[in-house]
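Read through the structure below, which is laid out as structure tokens, and then see the notes.
The values are calculated or read from the model by the stated rules, or taken from the named source; none is laboratory data. Please read these numbers as outputs of a predicted model, since none were measured by experiment. Virtual Cβ from ideal backbone geometry, glycine too; neighbours counted across all protein chains shown.
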Amino acid sequence: MMTSFHFRLPNNSLAWDGDHIKYHLRVEKQPGTIAVPFTIRIHFPNGVIIKSAFPRGTMAGNSLIINTELREDLNINIEFLLQ
């Protein structure tokens, strides 16, 4: 079974730190489940430079793709710059 969500973030979901922008997303594991495969694709506008991402992902065009498993709650943290 696969579940998919598509949404846009409101502007206030990003934290500005000088010229860096920080994004945080917490994904909570469903109690009683085993390690559920989890993929998140974050699409950025043109001209973005990723400074750091946890967990690490791969870039495909303007998208950062993170493949992992939900063994426990997951905190995704990304810091980037707009050019």
### Query
Just to be sure, is I40 over 21 Å from P10 (Cβ atoms), aliphatic (A, V, I, L, M), in a strand (DSSP E or B) and out of contact with any Phe, Trp or Tyr (no Cβ under 7 Å at 6 or more places or on another chain)?
no
Inside the stretch 55-83, the number of residues satisfying the requirement of being assigned to a strand (DSSP E or B), over 18 Å from S13 (Cα atoms) and touching a residue at least 24 places away in the same chain (Cβ under 8 Å) is 6
Of the residues in the stretch 26-52, those that are over 20 Å from F7 (Cα atoms), surrounded by 12 or more Cβ atoms within 10 Å (Cβ to Cβ) and modelled with pLDDT of 90 or more come to I50, K51
(1) part of a loop (DSSP other than H, G, I, E, B); (2) on the phi < 0 side of the Ramachandran plot all hold for K22 apart from (1)
